[in-house]
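Heads up, the thing below is written out as structure tokens.
The values are calculated or read from the model by the stated rules, or taken from the named source; none is laboratory data. Only a predicted model underlies this, so the values are computations on that prediction, with no experimental measurement involved. Glycine gets a Cβ as well: all are built from the backbone with ideal geometry, and neighbour counts include every protein chain shown. Accessible surface is based on the protein model in full, side chains and every heavy atom, while ligands, DNA and RNA are left aside. Shrake-Rupley method; radii C 1.70, N 1.55, O 1.52, S 1.80 Å.
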Amino acid sequence: MKRQNRVAFFNILSVVLLNGISLITAPLFSRILGDSGYGILKIYNIWASVIAIVFTLQTEGTLVNARVEYPEGEQKRYQSATMGMSTLLFLLCSGVVVLFLQPISNLLKLEPFLILLMLVQAFGTYCVNFLSTKYTYEFKAGRNMLISLAVTVMTLVLSLVLILQMEYEVRYYGRAIAIAATYGLIGIPACVMILLQGKTLYHKEYWKFCGVLAIPAVFHNLSDLVLGQSDQVMLQQMLGDATVGHYALAWTFGNFLFIIFGALNRTWCPFFFEEMKEGKQVAMMEKTRNFLELFTILACGFILLTPEVYHVYASREYWSSTMVIPLLVASYYINFLCTFPVNYEYYHKKTKVVAAVTISSSLLNVALNYVLIRAIGMPGAALATALAHGVQLCMHHLYCKKLGKDSYPFPVKIWAKYAFCFLAVMAIVYITRNSWLLRWGVGALLGIFELLQIKKRKVLI
């Protein structure tokens with residue numbers, strides 16, 4: 001119990017620090033940069049994420065499979081070989097980008113210097129995530145927290161120093177430089193360390209094992225990015241930088257819940273894979289029910305308190321996006337429910353299926369964005385994403401029922417009651433949006449209930 005709680009605590013704290021930088025600092029930077037500058041920076045970060053996925057294959061995602069496939073003595077060599085594969089691929093792809101820098105700049109409507117910064121940020125992000133994933137599955141959560149703290153502090157300090165030295169119209173440059181420099185300064189030494197520890201740049205078997213899993217996952221991760229953020233790119237193209245700035249701040253605020261989900265998921269996943277491998281079905285399902293209950297109550301509490309907290313978080317010019325946030329949270333909640341079938345598919349190495357479902361959902365999302373943004377504007381983008389995630393959940397669930405037949409551990413009855421509770425609370429939020437006392441009262445009751453549950457079971461998950 002003590003080990004489980006310690007791992008959970010440090011994993012949650014490290015993920016919140018590492019991925020919560022934009023959330024923690026958004027009120028400050030949205031005011032300093034202005035809505036247009038904040039919108040440009042958001043689009044820049046989306047394209048940097050695309051580069052990180054495509055140019056590196058995000059091979060860190062295969063580390064958990066390698067722990068099942070290979071003995072402990074081979075782990076460092078496998079990590080080194082996969083890092084080497086991603087590094088060589090990234091250098092090759094970056095050379096192509098530099099060669100066609102101006103046409104790419106024109107296509108993305110971003111300055112050439114920002115494109116070069118993207119390359120540094122993308123590779124540094126990959127290396128930091130690789131090291132973080134390695135420590136997660138080695139249950140070294142304390143080291144994860146130190147990495148996250150270093151990234152958080154360096155990014156914030158550098159951003160403020162650089163932004164305050166620039167003209168208002170180009171202050172987003174300072175923020176972009178700070179993020180790229182931080183990930184580069186921490187990520188590149190991490191890359192060198194992993195290569196030196198494993199002393200393996202190329203290994204035919206490891207490269208083949210990694211490629212078979214990672215290449216389909218690229219399409220999944222890229223499509224997942226499209227599914228989650230194509231709305232912002234399309235809002236920029238259809239309604240302008242200021243609108244995407246308003247939507248992006250609401251997305252960043254709501255994304256805090258997704259960061260918490262990511263932290264809890266990184267805590268649950270290692271135990272899921274370990275207990276599935278060892279046949280500990282009862283222990284795994286107990287953690288699953290705890291996970292479902294905890295995150296559902298967190299999601300409900302979040303949307304109940306959203307209107308008032310967001311008005312403190314954001315300046316008045318951004319308040320038009322307040323009631324978009326519950327729809328965004330609904331998307332995150334449906335994505336959370338996808339966790340269970342998706343991890344079951346990953347355990348059975350069905351990465352091609354994961355990719356196919358995500359690609360289908362992302363294409364549907366783009367189509368729905370086009371229709372709904374034209375019809376109802378900014379709320380249409382959030383609604384489109386929620387609907388696409390709903391279709392994604394259905395497809396994953398139906399496939400896993402076929403794959404596992406009677407042995408699939410996550411039937412609808414396991415999570416349906418939690419989903420119904422979330423939908424009921426979401427309805428309350430929209431019906432009572434002008435009655436803060438009722439919403440905060442319900443939120444307080446839910447919080448007290450969950451604290452008592454955690455005290456009773458003596459574990460977070």
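Taking all Cα pairs closer than 8 Å and separated by 6 or more residues, the relative contact order of the chain comes to 22 percent.
Quick one: which of LYS277/LYS350; LYS349/LYS413; LYS280/LYS352; LYS140/LYS458; LYS134/LYS455 span more than 20 angstrom between C-alpha atoms? Each step should come with its number before you reach the end.
Values: LYS277/LYS350 16 Å; LYS349/LYS413 25 Å; LYS280/LYS352 27 Å; LYS140/LYS458 22 Å; LYS134/LYS455 31 Å.
Pairs exceeding the cut-off: LYS349/LYS413; LYS280/LYS352; LYS140/LYS458; LYS134/LYS455.
For the chain, a crude dipole built from +1 on the beta carbon of Lys and Arg and -1 on the beta carbon of Asp and Glu, taken about the Cα centre, is about 1240 debye to the nearest 20.
Note on segment 233-281: Rg/Rh from C-alpha atoms, Kirkwood Rh, equals 1.37. Taking a Cβ cut-off of under 12 Å around LEU131, the surrounding Lys, Arg, Asp and Glu residues balance to a net charge of +1, with basic ones at +1 and acidic ones at -1. State log₁₀ I(q)/I(0) for segment 343-406 at q = 0.18, 0.25 Å⁻¹ as given by the Debye formula over alpha-carbon point scatterers of equal weight, solvent excluded. Each listed q maps to, in turn, -0.66, -0.95. Pair-distance distribution of segment 194-256: all C-alpha pairs, bin width 5 Å, starting at 0; shares per bin in whole percent are 4, 14, 14, 14, 11, 9, 9, 10, 10, 5, 0.
Rolling a 1.4 Å probe across all protein chains gives GLU278 an accessible area of roughly 100 Å². Using a probe of 1.4 Å, the accessible surface attributed to LYS134 totals some 10 Å² when neighbouring protein chains are kept in position.
Once the convex hull of all Cα atoms in segment 251-395 is built, its volume per residue stands at 101 Å³.
Just to be sure I follow: if Rg is taken over the C-alpha atoms of segment 116-160 and Rh is the Kirkwood radius over the same atoms, what is Rg/Rh? Kindly include the intermediate steps, with their values, before the conclusion.
Values: Rg = 11.9 Å, Rh = 11.4 Å.
Radius of gyration relative to Kirkwood radius: 1.05.
For segment 94-147, the Stokes-Einstein estimate of translational diffusion at 10 °C and a viscosity of 1.306 mPa s comes to 122 µm²/s, using the Kirkwood hydrodynamic radius over alpha-carbon pairs.
Across segment 351-461 the C-alpha pair distances fall into 10 Å bins from zero in the proportions 12, 25, 31, 26, 6 percent. Quotient of the Cα radius of gyration of the chain and 2.2 N^0.38 Å, N being its number of residues: 0.95. When only alpha carbons are used to place a centre, segment 88-128 and segment 164-226 end up 12 Å from one another.
Of LEU164, LEU57, LEU249, the order by accessible heavy-atom surface (1.4 Å probe, DNA, RNA and ligands excluded), from most exposed downward, is LEU164, LEU57, LEU249. Just the number, please: Stokes-Einstein D of segment 128-279 in µm²/s, Kirkwood Rh from C-alpha pairs, 4 °C, 1.567 mPa s. Translational D for this selection: 69 µm²/s. Ranked from largest to smallest solvent-accessible area, with a 1.4 Å probe on the protein heavy atoms, ARG439, ARG171 come out as ARG171, ARG439.
Out of the total accessible area of the chain (probe 1.4 Å, heavy atoms of protein only), what percent is carbon and sulfur?
Heavy-atom surface of the chain belonging to carbon and sulfur, 1.4 Å probe: 70 percent.
Could you give the C-alpha radius of gyration of segment 38-141 expressed as a fraction of 2.2 N^0.38 Å, taking N as the number of residues it contains? Walk me through the intermediate numbers first.
Working: Rg = 15.9 Å, N = 104, 2.2 N^0.38 = 12.8 Å.
Dividing the Cα radius of gyration by 2.2 N^0.38 Å gives 1.24.
Within the full protein context, the accessible area of ARG433 is estimated at about 120 Å² for a probe radius of 1.4 Å. A Förster radius of 45 Å combined with the Cβ-Cβ distance from LEU107 to GLN197 puts the calculated FRET efficiency at roughly 0.70. Relative to its Kirkwood radius, the Cα radius of gyration of segment 68-201 gives an Rg/Rh of 1.05. Placing unit charges on each Cβ (+1 for Lys and Arg, -1 for Asp and Glu) gives the chain a dipole about its Cα centre, and among TYR346, LEU364, LEU225 the Cα reaching farthest toward its positive end belongs to TYR346.
Can you work out the accessible area per residue across the chain, with the rest of the protein chains kept in place, probe 1.4 Å, in square angstrom? Write down the numbers at each step before the final one.
Numbers: 19710 Å² over 461 residues.
Per residue, the chain has an accessible area of 43 Å².
What does the C-alpha gyration tensor say about the overall shape of segment 410-461? Classify as rounded when a/c is under 1.5, otherwise prolate if a/b is larger than b/c, or oblate. Oblate.
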